[in-house]
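The values are calculated or read from the model by the stated rules, or taken from the named source; none is laboratory data. Note that the structure is a prediction, hence the values are computed from the model and not measured. Ideal geometry is used to build each Cβ from the backbone, glycine not excepted, and the neighbour counts take in all protein chains shown.
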Amino acid sequence: MTSSRKPNRRGEGAKLRPEIVAGAAAVLEETGSEDAVTLRAVARKVGIATPSIYGHFDDRDQILLAVIADAFAELDAVLVAATTDVEASDHLAAACAAYLTFATTRPHRYRVMFARHRTGEAGSMNETRPTDELVGAAAFGRLVDAVARHPDTAGGSPLEPAVALWVALHGYISLRDAVPAFPWPPEQAMLDDLIARILRPTTTRESA
């Protein structure tokens, strides 16, 4: 069904671009299929003629890349909101919980963010965080900052444990989606255990 939409006034054509991206994201989440995000489907969702898209995007691949960029920006905003006015020692747990919530509530966009997008070649990280030009660098930087604030980091470099934690979170999300019948532990208990094992691997092994 075509959405009802008032035409932009003269000089407001730039407003159509974010509407196209939002429409594509909606099609993706509603159908669960990247293949369903066609120019015609997006135009129908936004309520415009298909040729109107070409003034903003050359093809559907460009639209999908814009959806991915917007999703990473949204993830960054979610992490900021989750860690605002939170004690430094609780930043990491709050950020990890927010990351999982983001992936759970936007499952198809999250999948496409990583299945389709490539953020850079190996070795593209510097000593503290990914280069600012990479899509998703800001969101990952929030995780690095949260690790740095955690008391168990003990002044060491936060980059390696942040990478390990990101890998663990993404792996958990992917496996939970692929094998939902598995008896997964309660989410909060699992997060607490992951943080403890990654930031305090020696202590955790000795107490196990």
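Could we say that P130 is modelled with pLDDT under 90 and assigned by TED's automatic domain parsing to the domain that holds R109 here? Judged against the criteria, P130 is a match.
Scanning the stretch 149-184 for residues that are of a type in the set (A, V, I, L, M), crowded, with 16+ Cβ neighbours inside 10 Å and either free of Cβ contacts under 8 Å to residues at least 60 places away in the same chain or not assigned by TED's automatic domain parsing to the domain that holds A196 (or both) gives L159, A162, V163, A164, A168. Taking the listed residues V80, V86, the one that is surrounded by fewer than 18 Cβ atoms within 10 Å (Cβ to Cβ) and assigned to a helix (DSSP H, G or I) is V80, with no other qualifying. Might you let me know whether the stretch 41-58 holds any residue that is farther than 28 Å from G141 by Cβ and basic (K, R)? Looking through the stretch 41-58, at least one residue is farther than 28 Å from G141 by Cβ and basic (K, R). Spot the failing condition for V67; the list is (1) under 21 Å from L169 (Cα atoms); (2) within 12 Å of the chain's Cα centre (by Cα), and only one is missed. Here V67 meets the rest and fails (1). The listed residues are D145, D152, and the only one of them that is of a type in the set (D, E, K, R), more than 22 Å from I68 (Cα to Cα), at pLDDT 90 or above and more than 16 Å from the chain's Cα centre (by Cα) turns out to be D145.
Suppose the filter is more than 24 Å from V167 (Cα to Cα), of a type outside the set (A, V, I, L, M, F, W, C), without any contact (Cβ under 8 Å) to a residue 12 or more places away in the chain and part of a helix (DSSP H, G or I); does E19 pass it?
On the way: more than 24 Å from V167 (Cα to Cα): yes; of a type outside the set (A, V, I, L, M, F, W, C): yes; without any contact (Cβ under 8 Å) to a residue 12 or more places away in the chain: no; part of a helix (DSSP H, G or I): yes.
No: the conditions fail for E19.
Checking every residue in the stretch 162-171 against the condition of being β-branched (V, I, T), at pLDDT below 90 and farther than 21 Å from A73 by Cβ gives zero matches.
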